[in-house]
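J.: Shown below is the structure under consideration.
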Amino acid sequence: MNMRTFADQVAETVIKGYNELSSKGKPCIRSNGVKEWTVLAGIVAVDDVAEEFRLLSIGTGLKATPEVELIRSQGRIVHDCHAEIVCLRAFNALLLKEFQNVKDGRDSFLVEQKAGEYFKIKEKWHFAMYISRIPCGDASMGVLVDADDAEIFDYDELDDDYAKKQYIDPEIHSIIRGRANYALRNVVRTKPGRADSNITLSKSCSDKLTMKQLTSLCNSLTWCLLDAPVYLNFVILPKRYENQVKRINETFLGRLKDRNSHNFEIQFCNIPFPDDKHTESQQPCFSSCLCLFSSIGKHSEIILNGVKLGFYVKGNKPLRKNCQSCISRYALWNEFKKIKTVPSELDYLSFKSSLVDRINIVTKAKKELSPCGWISTYRDTSI
């Protein structure tokens, strides 16, 4: 198979699926005439022999939830709504749906049941992820340097205690806030935000995708149900980033020294994404779209402020009933409990911490990426 054609086919598969979604939740032209833009990510299952490309999940978005918002979450608010992470969470929601289909006696194009309560991915598939923009964090810092972005320089020229302001925790120098000190490489970064915005502790997409080479595409729930973890084989980016390939490889392939990492291959496509940012006057879309493409049909949602569109409540008021997205911790945990019996008193985070083998891998990945220590998001769990 021609590898350049391969990258284009993956991108075409994802963009075609996006184009077929409703316009609701997608970038629009605001009342003041300003056009919005977004980032698109999608995971595609590929069968090399049959040259089949099967779209599994789509995510869009550019927002992350401030840490202060998570206090009332109880698993219902999605912490990170950047396209790549929405797409990854949707992939895990899809796996849970496919496991349930098989358990109920229906066919699945993607998985099959093994002896006992385990499932496996059908052997013909491997996985590629298309992303319409270079992931935020370490991989994108070279683009900022080359662009000489004035807004970023304003951030970099804060007052004398800037050296402290660049850190979430002054004792942990290997984790930087957003785009601060953007010429610095090989550090973990939180999701970008203005210097005066509420802090989010969600780590950058560069860092999360790098970790996936050790921890796999699976979250703790699908990890527990699969006979073996599932890894990305390819990441597809637009061709305009080809001049950044050395820096991109340093981010994704150079920071993990663990011999057990499953490195993905970076490829570049020629296919344009219509809702990308084309001019400096464009503004980011506030909402995120997601779609799962399961054996029994599509399921799509729109997320705004971490919950389903129309369900957000401002301030410290309790969240509305049924506000949670299908990719929230609350929803995934409840889908998991339909497949596997767990003690009624066990909550999501307690179960997650019981998976010792996975915890050891995650801990190792965090230590490699941030030797000075780690800063976790709010302890947001669900019963």
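J.: Condition first: more than 19 Å from GLU368 (Cα to Cα) and among the aliphatic types (A, V, I, L, M). Can you find one or more residues in the range 174-185 that meet it?
T.: Step one: list which residues in the range 174-185 are more than 19 Å from GLU368 (Cα to Cα), which gives 178-183.
Checking which are among the aliphatic types (A, V, I, L, M) leaves us with 180, 183.
Within the range 174-185 (the criterion being more than 19 Å from GLU368 (Cα to Cα) and among the aliphatic types (A, V, I, L, M)), the answer is yes, since at least one residue qualifies.
J.: Within the range 346-365, restricting attention to residues that are of a type outside the set (Lys, Arg) and under 14 Å from SER216 (Cα atoms), which residue is least open to solvent (accessible area, probe 1.4 Å)?
T.: Start the filter on the range 346-365 by keeping residues that are of a type outside the set (Lys, Arg), which leaves 346-351, 353-357, 359-363, 365.
Filter once more, so that each one left must be under 14 Å from SER216 (Cα atoms): 357, 359-363, 365.
Numbers: ASP357: 112, ILE359: 61, ASN360: 89, ILE361: 50, VAL362: 25, THR363: 78, ALA365: 0 Å².
Applying the filter and picking the extreme gives ALA365.
J.: Give the residues of the range 82-126 that are assigned to a helix (DSSP H, G or I) and open to solvent by 80 Å² or more (accessible area, probe 1.4 Å), sorted by residue number.
T.: LYS103, the sole residue that qualifies.
J.: For ASN243, indicate whether it is over 21 Å from the mean Cα position of the chain (by Cα) and over 17 Å from ARG133 (Cα atoms). I'd like the intermediate steps shown before the answer.
T.: On the way: over 21 Å from the mean Cα position of the chain (by Cα): yes; over 17 Å from ARG133 (Cα atoms): no.
Judged against the criteria, ASN243 is not a match.
J.: Based on what the data block shows, is GLU69 part of a helix (DSSP H, G or I), of a type in the set (D, E, K, R) and farther than 27 Å from PHE264 by Cβ? Walk me through it before giving the result.
T.: Numbers: part of a helix (DSSP H, G or I): yes; of a type in the set (D, E, K, R): yes; farther than 27 Å from PHE264 by Cβ: yes.
Yes: the conditions hold for GLU69.
J.: Shifting gears a bit: Of the residues ASP258, ASP275, which is touching a Leu at 6+ places or on another chain (Cβ under 8 Å), more than 30 Å from CYS28 (Cβ to Cβ) and either of a type in the set (Asp, Glu) or part of a strand (DSSP E or B) (or both)?
T.: Values: ASP275 fails: more than 30 Å from CYS28 (Cβ to Cβ).
After ruling out the rest, the residue left standing is ASP258.
Here's the yes/no breakdown for (1) over 18 Å from ILE85 (Cβ atoms); (2) open to solvent by 40 Å² or more (accessible area, probe 1.4 Å); (3) assigned to a helix (DSSP H, G or I):
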site: SER300; (1), (2), (3): no, yes, no
site: ARG320; (1), (2), (3): yes, yes, no
site: ASN334; (1), (2), (3): yes, yes, yes
site: LYS367; (1), (2), (3): yes, yes, yes
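J.: Further question on the same structure: In this structure, does HIS82 turn out to be over 16 Å from the mean Cα position of the chain (by Cα), touching a residue at least 24 places away in the same chain (Cβ under 8 Å) and closer than 30 Å to SER206 by Cβ?
T.: Values: over 16 Å from the mean Cα position of the chain (by Cα): no; touching a residue at least 24 places away in the same chain (Cβ under 8 Å): yes; closer than 30 Å to SER206 by Cβ: yes.
Here the answer is no, as HIS82 does not meet what is asked.
J.: Suppose we filter the range 346-356 for residues that are of a type outside the set (A, V, I, L, M) and without any contact (Cβ under 8 Å) to a residue 12 or more places away in the chain; how many remain? Write out each step before concluding.
T.: If we filter the range 346-356 for residues that are of a type outside the set (A, V, I, L, M), which is where we start, we get 347-348, 350-354.
Narrowing the set further to residues that are without any contact (Cβ under 8 Å) to a residue 12 or more places away in the chain leaves 353-354.
Number satisfying all stated conditions: 2.
J.: Would you check if there is a residue in the range 286-297 being touching a helix residue (DSSP H, G or I) at 6+ places or on another chain (Cβ under 6 Å), farther than 25 Å from LYS26 by Cα and surrounded by 18 or more Cβ atoms within 10 Å (Cβ to Cβ)?
T.: For the range 286-297, residues touching a helix residue (DSSP H, G or I) at 6+ places or on another chain (Cβ under 6 Å), farther than 25 Å from LYS26 by Cα and surrounded by 18 or more Cβ atoms within 10 Å (Cβ to Cβ): absent.
J.: Considering only residues that are touching a residue at least 60 places away in the same chain (Cβ under 8 Å) and open to solvent by 50 Å² or more (accessible area, probe 1.4 Å), which ones fall in the range 229-242? First the steps, then the outcome.
T.: Filtering the range 229-242 down to residues touching a residue at least 60 places away in the same chain (Cβ under 8 Å) leaves 230-238, 241.
Within the range 229-242, ASN233 is the sole residue that qualifies.
J.: Just name the residue that is surrounded by the most Cβ atoms within 10 Å (Cβ to Cβ) out of those in the range 1-48 that are free of Cβ contacts under 8 Å to residues at least 40 places away in the same chain and assigned to a loop (DSSP other than H, G, I, E, B).
T.: GLU20
J.: Restricting attention to the range 201-240, which residues are assigned to a loop (DSSP other than H, G, I, E, B) and under 15 Å from the mean Cα position of the chain (by Cα)?
T.: Looking only at the range 201-240, we keep the residues that are assigned to a loop (DSSP other than H, G, I, E, B), and these are 201-202, 204, 216-219, 227-233.
Selection gives LEU201, SER202, SER204, SER216, LEU217, CYS218, ASN219, TYR231, LEU232.
J.: Got at least one residue in the range 50-57 being in contact with a helix residue (DSSP H, G or I) (Cβ under 8 Å, 6 or more places away or on another chain), closer than 25 Å to ASP275 by Cβ, part of a strand (DSSP E or B) and aromatic (Phe, Trp, Tyr)?
T.: Taking every residue of the range 50-57 in turn, at least one turns out to be in contact with a helix residue (DSSP H, G or I) (Cβ under 8 Å, 6 or more places away or on another chain), closer than 25 Å to ASP275 by Cβ, part of a strand (DSSP E or B) and aromatic (Phe, Trp, Tyr).
J.: Still on this model: Taking VAL342 as meeting all but one of (1) out of contact with any Lys or Arg (no Cβ under 8 Å at 6 or more places or on another chain); (2) open to solvent by 30 Å² or more (accessible area, probe 1.4 Å), write down the number of the exception.
T.: (2)
J.: Just name the residue that is modelled with the lowest pLDDT out of those in the range 250-269 that are open to solvent by 50 Å² or more (accessible area, probe 1.4 Å) and closer than 18 Å to ASN186 by Cα. First the steps, then the outcome.
T.: Of the range 250-269, the ones open to solvent by 50 Å² or more (accessible area, probe 1.4 Å) are 250, 253, 257, 259-260, 262-263, 265.
Then drop every residue that is not closer than 18 Å to ASN186 by Cα, which leaves 250, 253, 257, 263.
Details: GLU250: 95, LEU253: 92, LYS257: 84, ASN263: 95.
Step by step, filter the range 250-269, then rank; the result is LYS257.
The values are calculated or read from the model by the stated rules, or taken from the named source; none is laboratory data. In this text, all values refer to a predicted model and were calculated from it rather than measured experimentally. Don't worry about glycine lacking a Cβ; one is built from the backbone with ideal geometry, like all the others, and counts go over all protein chains shown. Accessible surface areas use protein heavy atoms only, side chains included; no ligands, DNA or RNA. Shrake-Rupley method; radii C 1.70, N 1.55, O 1.52, S 1.80 Å.
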